[in-house]
Amino acid sequence: MSNSQAIGIFDSGIGGLTVMKQIMHKLPHEKLIYFGDSARLPYGDKSADTILRYSIENAIFLMEHQIKLLVIACNTASAYAMDKLKQILKIPIVDVIQPGVEHAAKASRHLRIGVLATRATTESGIYPQQIKKKLPSCQVYSMPCPLLVPLIEEHLFDHPATQLIIKDYLAPLKQSSIDTLLLGCTHYPLLRPLIQKEIGPHVCIVDSASTCAEHVSLTLDAYDLHACPDEKPSHRFYVSDYPEKFRLHGSKFLGHPIDKVNIPLKMKFEI
């Protein structure tokens with residue numbers, strides 16, 4: 001591996017840009033390659049085997065670009081594929097589960113944490129398991145939110161339906177008197193203002209993006225893989241479908257234009 005190689009990032013769609021944005025801010029000299037699997041989203045309603053297969057395929061595609069580190073910027077993929085990818089890849093990997101758990105554990109004042117996640121992530125049980133490793137007496141309340149990712153991918157942030165759905169998802173968590181709300185999907189920070197308004201100012205909302213960027217930096221330290229400070233990075237974007245839609249929405253979110261989004265001509269499906 002070389003210091004000048006890029007960091008690879010993948011997600012099921014646009015949500016992983018929340019992580020990419022923080023990495024760009026934390027590590028401005030690093031080259032980044034992003035892959036959004038927009039043809040096959042959402043991952044949250046897929047089986048464990050399918051999520052694993054998609055994740056391996058995405059990782060292989062990024063490996064073909066000679067990346068030096070992989071970021072799994074998808075909570076569902078992190079829950080079901082992290083262990084397998086660590087076995088089969090020869091580069092460092094950072095996921096978004098542990099950074100989110102660390103952030104929530106530090107933020108919680110009364111050990112009552114709510115988790116919003118996809119159905120598959122919720123069913124994996126990974127968040128209660130990992131939170132209780134750090135805070136054994138913590139009460140964890142998980143809420144599957146299968147409708148949020150499709151709404152976010154359609155950019156319906158201010159739609160009345162989105163507000164009603166958020167209200168419905170948060171009602172049980174409000175009744176549970178949580179003090180911290182962990183956004184267990186990288187798409188969900190895009191709805192943070194609506195979620196905060198509904199859950200109330202007394203609840204601390206945390207996500208994994210900024211902590212994940214810190215984990216990436218620490219991992220580069222450990223492997224001595226930081227890019228040179230005078231490096232002028234270029235970033236590349238790939239999706240499996242809807243490149244123009246991704247370009248428009250992604251440009252707005254990142255705060256600068258994405259000039260080009262490519263669709264891979266082919267993706268190899270074996271390791």
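No lab work stands behind these numbers, since they all come straight from the coordinates. Since we're looking at a predicted model, the values are computed, not measured. For neighbour counting, all protein chains shown are included, and Cβ atoms are generated from backbone atoms with ideal geometry for every residue, glycine included.
In this Cβ point-charge picture (+1 for Lys and Arg, -1 for Asp and Glu), region 190-243 has a dipole of about 280 debye about its Cα centre. Under the criterion of Cα pairs below 8 Å and six or more residues apart, the relative contact order for region 97-208 equals 39 percent.
Shown for region 97-208 is the translational diffusion coefficient from the Stokes-Einstein equation, using the Kirkwood radius over Cα pairs, a temperature of 25 °C and a viscosity of 0.890 mPa s: 178 µm²/s. Annotation: peptides 66-77, 14-25, ranked by per-residue average of other Cβ atoms within 10 Å with the highest first, follow the order 66-77, 14-25.
For region 1-130, which semi-axes, largest first and in whole Å, follow from the square roots of 5 times the eigenvalues of its Cα gyration tensor?
Square roots of five times the eigenvalues give 24, 19, 13 Å.
Taking the Cα centre of the chain as reference, the dipole from Cβ charges on Lys and Arg (+1) and Asp and Glu (-1) amounts to some 320 debye.
Taking a straight Cα-Cα cut-off under 19 Å and skipping sequence neighbours fewer than 8 places away in the same chain, the aspartates and glutamates within cross-link reach of K26 are D95, E102, D207, E214, D221, D224, D230, E231. Once divided by 2.2 N^0.38 Å, the Cα radius of gyration of region 77-127 becomes 1.32.
Once the C-beta distance of D168 and E123 is scaled by a Förster radius of 30 Å, the resulting FRET efficiency is 0.95 to the nearest 0.05. Inter-label distance, S2 to E154: 4.6 nm, where each label sits 7 Å from its Cα along the C-beta direction. For F237, nonlocal amide neighbours, meaning residues 5 or more places apart or on other chains whose placed amide H falls under 5 Å from its own, are Y34, N262.
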